[in-house]
Structure formats: C-alpha cells, structure tokens
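To start, the structure itself, in structure tokens.
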Amino acid sequence: MKHLAKHLADSLKALRKHTQLEPEIGLILGTALGNVTENMSVETIVPYHEIPHFQPSNVESHAGELVFGSIKQRRVTAMRGRFHLYEGYSMSEIAYPSALMHALGVKTLIVTNAAGGAEPRMQEGDVMMIDDHINLLWKNPLIGLNDDSLGPRFPDMMDAYSVRLMDLAEASAARQGIRLWRGTYAFVAGPNFETKAELRLLRALGADAIGWSTVPEVIMARYLGMEVLGFTIVTDMSVADRLHTVDMDRLMATGLQGADKLRTILEDIIPQI
C-alpha cells in the first residue's frame, strides 16, 4: 500500500503508449474463462510483462494479457488470466490489477473464477453468482500505510457485491433459461484440493463454492469505491461424499461449458450497467 499511487502512475504511463481507451467496465477472467471475451471488439492487447508492477501469470490456462476494447458498445478492459497466492504472490500483488483498472477509469468490476461447488444441489458446469465471501486466509491487500487519497483506512465490506448488479444478472439468466445459483464463496490458499474433513468444515461455515482467488481483487475494488459483480463456474463438486480423482482436462472442459453460459449473461447485462 505504501507505494501504490506511484506504482499506478508508472503502469498508466506505460499503458498509455498502447491505448487511450478509458474503460468503464473491468473483467477479471479466471481459469477456462478467457473465451468470455470471444465476442469482444478488441482495440489492443497488452502482455502483462509490458506493464510495470504487474506480475506474470504462471498458470497454464491463463493467457497473461490485458485486453482493451468494447462489448455491446461499452468500453471494457479484461484480464485474461489472474495472479494467485499459491504462485507465491502477495495479497497486494494479486489485488493490484483492480487498482490499475480503477486508475484507468473503471467504475464496475466483474470478477470470475472456476471453483468447487459445496452446495450439494449444484452440478458441474453450473454458474453461481457470488453474493458474499469468506476470507479464510485472514490476509488482506490493504495492510500497511493507507493513502487517504485512494480510499478509507477502514473500508466497509458489508455489501461487497452489488445487489443492483446481481438483480440484473438474475433477471438475465431467467430470461434465457440459464440456471444461476446465488451463494457464498470461500477463499482458501490452494494449490492442493481440500480434504474431506476440510470440505465438511467449509460447508458448515456457510460456503457454497470454494476457490483460490477473487477475494483480494474484490477487497481492493471495494476499497476504491468500485461496484462489484462476481461469478463462479462450478468445475467440480467439493462435497465430501461425492469426491473423485481430480482430472484437470475434465475440469477445463467443464469450465468452458460454464463460460458459454456466463458469456451469454454478461453480453446481455453489460449494456445495462
């Protein structure tokens, strides 16, 4: 947090050599979700390594590029690939893209991820809208000296996810016959999958989906006053008595199925945001 304003100025200076676009909406795309921008009208693509203070994305399915363009005439920037704690990054490094999007002009952040479904009625390939989260790491990207010009020392997370945007998404899903769950996302470290005992505990705590990302970005976005909408693609069932051997190819294929549903919803609601 100490050097956040200076780092953002460095990143903006570098990005303005590639584009003058001032995006209204930011997208952070998780595992298998890069094709959510398939119908995006692309102006320019900037690899992460060309952005000062951005980190490389080391996950195989994450492209590692910041895309600028439009979706349904709305100016958008999208991260194809994110950073994770299990890659060795700090919470502040993981959350930095949210701060940069805000500096670019983004007012609304849409975060997406692929995760395990802890609600037993869910099925693989379902989409869950995040209406709350549990930060089980008790780490925070806001720890450190606060810059009052950026955000408050003690930001309120009571309504981390926008009710207005959730209502738009639910209405869209209903119109298009897409089953859309609404639930709580639990943030754990990874990269190992959870034990049966851990899954029973997480379910007892109120988790409907369990994943390894998203919460740091949301905390930073809300600190900066951005409106947030979040989605999880259920790629496997994290229910203690329904576990099976993890097959990453199958998880990716399931993620792609869910991504098609999510893209349909996003393309419908983005003009309304």
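The values are calculated or read from the model by the stated rules, or taken from the named source; none is laboratory data. For clarity, every value in this text was computed on a predicted model and none was experimentally measured. For neighbour counting, all protein chains shown are included, and Cβ atoms are generated from backbone atoms with ideal geometry for every residue, glycine included. The area values use the complete protein model at the heavy-atom level, side chains included, leaving out ligands, DNA and RNA. Shrake-Rupley method; radii C 1.70, N 1.55, O 1.52, S 1.80 Å.
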Inset, instruction - Report, in deg cm²/dmol and to the nearest 500, the calculated mean residue ellipticity at 222 nm for the chain, where each DSSP H run with n ≥ 4 adds -39500 (n - 2.57) and the sum is divided by the residue count. - result: -9500 deg cm²/dmol
Legend entry - Label-point gap, in nm, between GLN123 and ARG179 - each point 7 angstrom along Cα→Cβ: 0.4
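Kyte-Doolittle cut-off 0.0, length cut-off 18 Å along the helix's own axis using Cα: show which whole DSSP H helices in the chain pass.
Working: long enough: 91-104 (21 Å, 0.72); 163-176 (20 Å, 0.04); 248-269 (31 Å, -0.05).
Qualifying helices, which must be both long enough and hydrophobic enough, are 91-104, 163-176.
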Legend entry - Largest-first ordering by accessible area, 1.4 Å probe, given options LYS6, LYS17: LYS17, LYS6
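Of all accessible surface on the chain at a 1.4 Å probe, what whole percent is carbon and sulfur?
Answer for the chain: carbon and sulfur cover 52 percent of the accessible area.
How do the peptides 20-27, 227-234 rank, highest first, by the average count of neighbouring beta carbon atoms within 10 Å per residue? Write out the running numbers ahead of the final one.
On the way: 20-27: 19.4, 227-234: 25.8.
Highest to lowest by the protection proxy: 227-234, 20-27.
If you only keep lysine pairs separated by 8 or more in sequence, or across chains, how many in the chain come under 19 Å at the Cα atoms?
On the way: LYS2/LYS139; LYS6/LYS17; LYS72/LYS107; LYS72/LYS261.
Final tally of qualifying lysine pairs is 4.
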Inset, instruction - With label points built 7 Å along Cα→Cβ from the Cα atoms of GLN73 and ASP260, find their separation and express it in nm. - result: 2.9
Inset, instruction - Work out, step by step, the length gained on full extension between LYS2 and LEU205: first 0.36 nm times the residue separation, then minus their alpha carbon distance; give nm to one decimal. - result: 69.7 nm
Inset, instruction - Please work out how much length the chain gains when fully extended from LYS107 to ALA189, using 0.36 nm per residue of separation minus the C-alpha to C-alpha distance, in nm with one decimal. - result: 26.7 nm
Inset, instruction - Based on the mean of other Cβ atoms within 10 Å per residue, sort peptides 213-224, 112-123, 66-77 so the most packed one is first. - result: 213-224, 112-123, 66-77
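Hey, what's the chain come to in accessible area per residue, 1.4 Å probe, Å²? Each step should come with its number before you reach the end.
On the way: 11680 Å² over 273 residues.
So the chain comes to 43 Å² accessible per residue, rounded to a whole number.
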Inset, instruction - Express in Å², to the nearest 10, the accessible area of HIS102 obtained by rolling a 1.4 Å probe over the protein heavy atoms while all chains stay in place. - result: 70
Inset, instruction - Grab the Cα-Cα distance for GLU170 and ASP156, subtract it from 0.36 nm times how many residues apart they are, and report the gain in nm with one decimal. - result: 2.6 nm
Legend entry - Under 12 Å, Cβ to Cβ, from MET40 - net charge with Lys/Arg +1 and Asp/Glu -1: +2
Inset, instruction - Note down the nm distance, to one decimal, between modelled labels 7 Å out along Cα→Cβ at SER41 and at ALA197. - result: 5.7
